[in-house]
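Written out below as structure tokens is the structure these notes cover.
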Amino acid sequence: MPISSLIQIKGLRDGILISLGAGDWDYIQALLFTQIDERSAFFTGAKLALDVGTRTLRVAELTKVRDELSERDISLWAVVSESPKTVNTAQLLGLATRISKQRPNEMPREKVAEKSKGDGALWVQKTLRSGARVSYAGSIVVMGDVNPGAEIVAGGNILVWGRLRGSVHAGADVDGQKPAQNADAFVCALTMTPSRLQIASEIRNPVEDGKSPKAVKVFYKDDKFHAEAW
Amino acid sequence: MSAKIVTVTSGKGGVGKTTAIASLGIALASLGQKVVCIDGDIGLRNLDVIMGLENRIVYDIVDVVEGRCRLKQAMIRDKRVPGLFLIPAAQTRDKNALSPSDMIRLGNELRAEVDWVLIDSPAGIERGFKNSIAAADRVLVLTNPEVSAVRDADRVIGILEAEEKGSPDLIINRLNYDMVQKGEMLSTDDVLDLLAVNLIGVVPEDKSVLVAANQGMPVSLNKDSRAGQAFRNIAMRLTGKDVPFMDLEEKGGFWNRLSKLTGGN
Ligand SMILES: Nc1ncnc2c1ncn2[C@@H]1O[C@H](COP(=O)(O)OP(=O)(O)OP(=O)(O)O)[C@@H](O)[C@H]1O
Ligand SMILES: [Mg+2]
């Protein structure tokens, strides 16, 4: 079975949900940590919810996962399961067992989809190749690369959990649905090398601002573009 | 028999699709497989020229689809290699003379007759391209190590994914190792880094390709040609064999030296 069907990674409004497929727990755990270690830039500092399916997990097992995650600077806040025993265990450890609940802001990543004006972010679960165009009134999250020749236009923020090499326009006036453009919008990417980056009506000068091979967040403030570590 | 239908496409024109189809056809047939090559470039046919079968054309693919001849009558036998056939394109018609469903029907009819159906796609992403991929079980995207060609290949891969054709395999054609070394040309890794698909072959830039085209002798017939070897390797990989990739550096050097000695190249 391909790893992708054993370990499914999804974005939540303010964190990551990883669903673990059936199979030997040790094996799945090992797979999980390989996935995480391969993309540490992506996971570091993340809030993680784990969906363990029907699996029954004891306190020792859950504590171990939680500790290994926190060693990697990932905070496990919820465990979702169809097994009442596992749910019990999670509750014992003070973990949430439902992921729809609102939680207090603690992580910087909380802000991610906040600006999406209530209607939630649009999740794109693949690499956008040349010729692809995605536009959405709220925020757009891409779980993959944005290749040269691809274009994203979002009313809210744009988050690329991969390499951004195409054209992005955040805080845009999509379809004239919003009264105005949103200059508070931002763009994040694990690798920030866009062919063109625009926030509201401001176009970033790629030469002036440079390009970053590291995960950064780009925003516009006081008449200037800024980039900070994401 | 149940043929595999393989289409070679590229987006950008002139990157070597027709060269690849002719060479792969010869190479697969030389492995004892029964192969039919189809020229999907209606109105701009040239697979027949590259294969050296131009003056044997009586019927073409549009004649088959429109019922003017039987399928077998339009299959020109290549006498150089047993089991190799060409169905030529119509020269005096345009892409709209065929539809994707015509191609699917034709493909299904051919499945029973041969081991491989190789379809040469026209450049672009329009009707002719859609026709060419309609029946394909497997698509090979061919590109040159050049930014604009790779961009178009990326576009085509996106369309193939959207049409649920699955992830295609990639052929990088016309790689010049010296230029890559000097940083003047995209490397295989640069191309793969962007396209992120399976690489099925790298064909070096090779003057023998042009010579072969002018002679109507597909380059894979030339035992001494590096490009020919690369295409033969791709053919073997298509049949499921695990053939190591050629060492372009060392052998390229060797062949350069050899051809300098013999005054060729
Ligand atoms: N590996 C190679 N080394 C040198 N020349 C090559 C190589 N591959 C192809 N060529 C040359 O490139 C030119 C274009 O090749 P070809 O006709 O096969 O491209 P094509 O993709 O079928 O073009 P079109 O899009 O017009 O159908 C020809 O002159 C051919 O000889
Ligand atoms: Mg051609």
Quick check: convex hull of the Cα atoms in the range A:3-92, volume per residue, rounded to a whole Å³? 89
Which distance in Å, rounded to a whole number, links the C-alpha centroids of the range B:1-24 and the range B:44-94? 16
Show me, for the range A:159-167, the HN-Hα J-couplings you get by feeding each phi into the Karplus relation (A = 6.51, B = -1.76, C = 1.60, θ = phi - 60°), rounded to Hz, glycine and proline as x. 10, 10, 8, x, 8, 9, 10, x, 9
Run the 1.4 Å probe and let me know the accessible area of A:Leu20, rounded to the nearest 10 Å². 10
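Mind putting a number on the dipole of the range A:3-92 about its Cα centre? Charges go on the C-beta only, +1 for Lys and Arg and -1 for Asp and Glu, and I need it in Debye to the nearest 20. Mind showing how you got there, number by number?
Working: 10 positive and 12 negative charges, 56 e Å.
So the dipole magnitude of the range A:3-92 works out to roughly 260 debye.
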If the limit is 21 Å between Cα atoms, which of A:Lys126/A:Lys221; B:Lys12/B:Lys95; B:Lys34/B:Lys207; B:Lys79/B:Lys223 go over it? A:Lys126/A:Lys221; B:Lys34/B:Lys207
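Give the average, rounded to an integer, of partner chain Cβ atoms located within 10 angstrom of each Cβ in B:151-160. Please report the intermediate quantities before stating the final value.
On the way: counts 6, 3, 2, 10, 7, 3, 5, 10, 4, 1.
The per-residue average across the peptide is 5.
Around B:Val147, with a cut-off of 11 angstrom between Cβ atoms, what is the net charge of the other residues, counting Lys and Arg +1 and Asp and Glu -1?
-2
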Enumerate the whole-percent occupancy of each 5 Å bin, from 0 to the last occupied one, for all C-alpha pair distances of the range A:128-180. 6, 24, 32, 22, 11, 6, 1
Please report the accessible area of A:Arg58 (heavy atoms, 1.4 Å probe, ligands and nucleic acids excluded) in Å², nearest 10. 150
Across the residues of A:128-135, average count of Cβ atoms on other protein chains within 10 Å? 6
Taking θ = phi - 60°, what integer Hz values does the Karplus form 6.51 cos²θ - 1.76 cosθ + 1.60 yield along the range B:76-91, in sequence order, with x for Gly and Pro? 7, 7, 8, 6, 6, 10, x, x, 10, 10, 10, 10, x, 7, 7, 8
List the residues whose amide H sits under 5 Å from the amide H of B:Arg174, counting only those 5 or more places along or on another chain, with H placed 1.01 Å from N in the peptide plane. B:Val203, B:Glu205
Could you give the size of the charge dipole of the range B:4-261 about its Cα centre, using +1 on the Cβ of each K and R and -1 on the Cβ of each D and E, expressed in debye and rounded to the nearest 20? 860
For chain B, projected area of the alpha-carbon convex hull averaged over all directions, nm²: 13.3
Of the residues B:Phe129, B:Leu28, B:Tyr177, the Cα lying farthest along the dipole of the range B:4-261 towards its positive end, which is defined by charges on the beta carbon of Lys, Arg, Asp and Glu, belongs to B:Leu28
Let me cross-check A:Glu228: its accessible surface, 1.4 Å probe, with only protein heavy atoms counted, in Å² to the nearest 10? 80
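Which loop-located trypsin sites (Lys or Arg not before Pro) does the range B:178-240 contain, where loop means any DSSP state but H, G, I, E or B and the Cβ has at most 11 other Cβ atoms within 10 Å? Let's see the in-between values first.
Numbers: sites: B:Lys182, B:Lys207, B:Lys223, B:Arg226, B:Arg232, B:Arg237; in loops: B:Lys182, B:Lys223.
Here the trypsin sites (Lys or Arg not before Pro) that fit, given the DSSP loop and packing criteria, are B:Lys182, B:Lys223.
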Please identify the GluC sites (Glu not before Pro) of the range B:43-137 that satisfy two criteria: DSSP loop assignment and at most 14 other Cβ atoms within 10 Å. Which are they? B:Glu66, B:Glu126
Only Lys, Arg (+1) and Asp, Glu (-1) charged, at Cβ; the protein assembly as shown dipole about Cα centre in debye: 620
Quickly estimate the mean residue ellipticity at 222 nm for the protein assembly as shown, helices only: each DSSP H run with n ≥ 4 gives -39500 (n - 2.57), and the total goes over all residues, rounded to 500. -9000 deg cm²/dmol
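Could you estimate the translational diffusion coefficient of the protein assembly as shown from the Stokes-Einstein equation, with Rh from the Kirkwood formula over C-alpha pairs, at 20 °C and 1.002 mPa s, in whole µm²/s? Kindly include the intermediate steps, with their values, before the conclusion.
On the way: Rh = 25.7 Å.
It diffuses with D of about 83 µm²/s by this estimate.
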Going by alpha carbons, how many degrees (0 to 90, nearest 10) lie between the helix axis of B:147-162 and the longest principal axis of chain B? 40
Note, the range B:44-56: 3J(HN,Hα) by Karplus (6.51, -1.76, 1.60, θ = phi - 60°), whole Hz, Gly/Pro = x, goes 10, 5, 8, 4, 4, 5, 4, 7, x, 10, 3, 7, 10
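The values are calculated or read from the model by the stated rules, or taken from the named source; none is laboratory data. The structure displayed is predicted, hence computed values, not measured ones. When we count neighbours, we look across all protein chains shown, and the Cβ atoms used for this are built from the backbone with ideal geometry, even at glycine. Heavy atoms of the whole protein, side chains included, go into the accessibility calculation; ligands, DNA and RNA do not. Shrake-Rupley method; radii C 1.70, N 1.55, O 1.52, S 1.80 Å.
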